[in-house]
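Visitor: The structure is given below, and queries will be raised subsequently.
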Amino acid sequence: MANPITHSDSSHRTVLHPGVELRWPASALWREGEPAVRRITTADIWSSLAQGIDDFRAVPTHAVFACIIYPVVGIVLARLLFGYEILPLIYPMAAGFALLGPFAAIGLYELSRRREQGLDLAPQRALDVIHRPGIGGIWLLGFVLAMIFVGWLYAANLIHTQLFGGEAKSPAEFFNQLTTTAEGTQLIVVGNVVGFVFALIVLVISVTSFPMLVDRDVSAATAVRTSVRAAIENPIPIALWGLIVLLGLLLGALPFLVGLAVVLPILGHATWHLYRKLVPPE
């Protein structure tokens, strides 16, 4: 009988064969015929990030992301001209990039896949993702992330309403409520804890699922189960990856979202390479 644990030729990452070496609850999620997952280290996380930066240098797409980000900013600013009820949602909406990012980056996964295979890297080739066999699952899982995002905004607004009642009369009053009152401290703490739960759910279900749907003809359920198994088997590396994503989005958002045009593509490309390290090729 062959040794059930194998190693890739290019590294010493352990391949965990589903139903054999996976520990519970990862083993309970496995279905016959689904992909195996690897155990990786934190060094693989940094390697994936470096490869993501390399992909971004090869195919810079910051202008495309800027064209997406700034209309959204413009809409928010225009809405503020007609009332300040949206003020409590500005931070949750900015944080929502982490919830929608895995779906927004599907074109980047396609570009990284094409670069890996030596194919044409014209930026418009990102749109070829719509011809990938898993596009149905991509749309389905994208809808799930959109619902999670809406749920997060609803929860954030509910927390604010429960603590402060109505809307602030001005941005200065809102800032004063947030920084000088006990309710403001409670809003920051509770809001971030709830936001962390939403972000953790998205991280676990999407760390490999969207790249897998770009790469293979599998169902959304198979992709999500594989992603959850990979996260369970690699808690420390995945936690590090989540922290990198959080810090990257925070730093990118600070200069009025300017940096997100660079941060989002790098994280998207890096996610593809992380998927390659977590899930062995077919």
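Visitor: Hey, any hits in region 256-266 for a residue that's in a helix (DSSP H, G or I) and at pLDDT 90 or above?
Guide: To start, the set of residues in region 256-266 that are in a helix (DSSP H, G or I) comprises 260-266.
Next, only the ones that are at pLDDT 90 or above stay: 266.
Yes, because at least one residue in region 256-266 is in a helix (DSSP H, G or I) and at pLDDT 90 or above.
Visitor: Follow-up question, since we're still on this one. In contact (Cβ under 8 Å) with a residue 40 or more places away in the chain and in contact with a strand residue (DSSP E or B) (Cβ under 7 Å, 6 or more places away or on another chain): which single residue out of P265, P280 fits that description? Walk me through it before giving the result.
Guide: Numbers: P265 fails: in contact with a strand residue (DSSP E or B) (Cβ under 7 Å, 6 or more places away or on another chain).
Selected residue: P280, the only one of P265, P280 that is in contact (Cβ under 8 Å) with a residue 40 or more places away in the chain and in contact with a strand residue (DSSP E or B) (Cβ under 7 Å, 6 or more places away or on another chain).
Visitor: With the structure loaded, tell me whether R225 is of a type in the set (D, E, K, R), out of contact with any strand residue (DSSP E or B) (no Cβ under 9 Å at 6 or more places or on another chain), surrounded by 18 or more Cβ atoms within 10 Å (Cβ to Cβ) and in contact (Cβ under 8 Å) with a residue 24 or more places away in the chain or whether it fails that test. First the steps, then the outcome.
Guide: Working: of a type in the set (D, E, K, R): yes; out of contact with any strand residue (DSSP E or B) (no Cβ under 9 Å at 6 or more places or on another chain): yes; surrounded by 18 or more Cβ atoms within 10 Å (Cβ to Cβ): yes; in contact (Cβ under 8 Å) with a residue 24 or more places away in the chain: yes.
Considered against the rule, which asks whether it is of a type in the set (D, E, K, R), out of contact with any strand residue (DSSP E or B) (no Cβ under 9 Å at 6 or more places or on another chain), surrounded by 18 or more Cβ atoms within 10 Å (Cβ to Cβ) and in contact (Cβ under 8 Å) with a residue 24 or more places away in the chain, R225 comes out as yes.
Visitor: In region 184-224, what residues are of a type in the set (V, I, T) and over 14 Å from the mean Cα position of the chain (by Cα)? Lay out the reasoning, then the answer.
Guide: Step one: list which residues in region 184-224 are of a type in the set (V, I, T), which gives 185, 188-190, 193-194, 197, 201-202, 204-205, 207-208, 214, 218, 222, 224.
Passing the criteria: T185, I188, V189, V190, V193, V194, V214, V218, T222.
Residues are listed down the side, and each one gets a yes or a no for (1) under 17 Å from the mean Cα position of the chain (by Cα); (2) of a type in the set (A, V, I, L, M, F, W, C):
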{"site": "P123", "(1), (2)": "no, no"}
{"site": "A126", "(1), (2)": "no, yes"}
{"site": "G137", "(1), (2)": "yes, no"}
{"site": "L140", "(1), (2)": "yes, yes"}
{"site": "A146", "(1), (2)": "yes, yes"}
{"site": "W152", "(1), (2)": "yes, yes"}
{"site": "A156", "(1), (2)": "no, yes"}
{"site": "Q177", "(1), (2)": "no, no"}
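Visitor: Only one of these is over 17 Å from L99 (Cβ atoms), crowded, with 18+ Cβ neighbours inside 10 Å and either free of Cβ contacts under 8 Å to residues at least 24 places away in the same chain or of a type in the set (A, V, I, L, M, F, W, C) (or both): L249, L213. Name it. Break it down stepwise before answering.
Guide: Working: L249 fails: over 17 Å from L99 (Cβ atoms).
So the residue among L249, L213 that is over 17 Å from L99 (Cβ atoms), crowded, with 18+ Cβ neighbours inside 10 Å and either free of Cβ contacts under 8 Å to residues at least 24 places away in the same chain or of a type in the set (A, V, I, L, M, F, W, C) (or both) is L213.
Visitor: Return only the number of the condition from (1) more than 20 Å from L108 (Cβ to Cβ); (2) at pLDDT below 90; (3) of a type outside the set (F, W, Y) that I148 does not satisfy.
Guide: It is condition (2) that I148 fails.
Visitor: So if I check each of L243, L200, which one is among the hydrophobic types (A, V, I, L, M, F, W, C) and without any contact (Cβ under 8 Å) to a residue 12 or more places away in the chain? Before the answer, list the steps.
Guide: On the way: L200 fails: without any contact (Cβ under 8 Å) to a residue 12 or more places away in the chain.
L243 is the lone residue from the list that is among the hydrophobic types (A, V, I, L, M, F, W, C) and without any contact (Cβ under 8 Å) to a residue 12 or more places away in the chain.
Visitor: A further question on this structure: Please work out which one of (1) modelled with pLDDT of 95 or more; (2) loosely packed, with under 15 Cβ neighbours inside 10 Å; (3) under 18 Å from the mean Cα position of the chain (by Cα) is the condition A43 fails and give its number.
Guide: Tallying (1) modelled with pLDDT of 95 or more; (2) loosely packed, with under 15 Cβ neighbours inside 10 Å; (3) under 18 Å from the mean Cα position of the chain (by Cα), A43 fails exactly one: (3).
Visitor: Among the helices (runs of 4 or more DSSP H) lying completely within region 168-220, list those that include at least 1 residues that are of a type in the set (D, E, K, R) and in contact with a Leu (Cβ under 8 Å, 6 or more places away or on another chain).
Guide: Values: elements: 171-180, 182-206, 209-215.
The qualifying helices (runs of 4 or more DSSP H) are 182-206.
Visitor: Residues of region 230-240 being crowded, with 21+ Cβ neighbours inside 10 Å and either in contact with a Ser or Thr (Cβ under 8 Å, 6 or more places away or on another chain) or free of Cβ contacts under 8 Å to residues at least 60 places away in the same chain (or both), which ones?
Guide: Matches in region 230-240: A230, A231, P237, I238.
Visitor: Quick one: would you say I201 is surrounded by fewer than 20 Cβ atoms within 10 Å (Cβ to Cβ), β-branched (V, I, T) and out of contact with any His (no Cβ under 9 Å at 6 or more places or on another chain)?
Guide: Numbers: surrounded by fewer than 20 Cβ atoms within 10 Å (Cβ to Cβ): yes; β-branched (V, I, T): yes; out of contact with any His (no Cβ under 9 Å at 6 or more places or on another chain): yes.
So I201 passes the test.
Visitor: Take region 129-139 and flag every residue that is in a helix (DSSP H, G or I) and buried (at least 17 other Cβ atoms within 10 Å of the Cβ). Reasoning before the result, please.
Guide: We begin by selecting, within region 129-139, every residue in a helix (DSSP H, G or I); these are 129-131, 135-139.
V129, G137, I138 - these are the residues of region 129-139 that are in a helix (DSSP H, G or I) and buried (at least 17 other Cβ atoms within 10 Å of the Cβ).
Visitor: Looking only at residues that are touching a residue at least 40 places away in the same chain (Cβ under 8 Å), assigned to a helix (DSSP H, G or I) and in contact with a Leu (Cβ under 9 Å, 6 or more places away or on another chain) in region 112-128, which one is surrounded by the most Cβ atoms within 10 Å (Cβ to Cβ)?
Guide: The extreme case among them is A126.
The values are calculated or read from the model by the stated rules, or taken from the named source; none is laboratory data. Worth saying up front: this structure is predicted, and the values here are computed from it rather than measured. Counting neighbours? That spans all protein chains shown, and the Cβs are built from the backbone with ideal geometry, glycine included.
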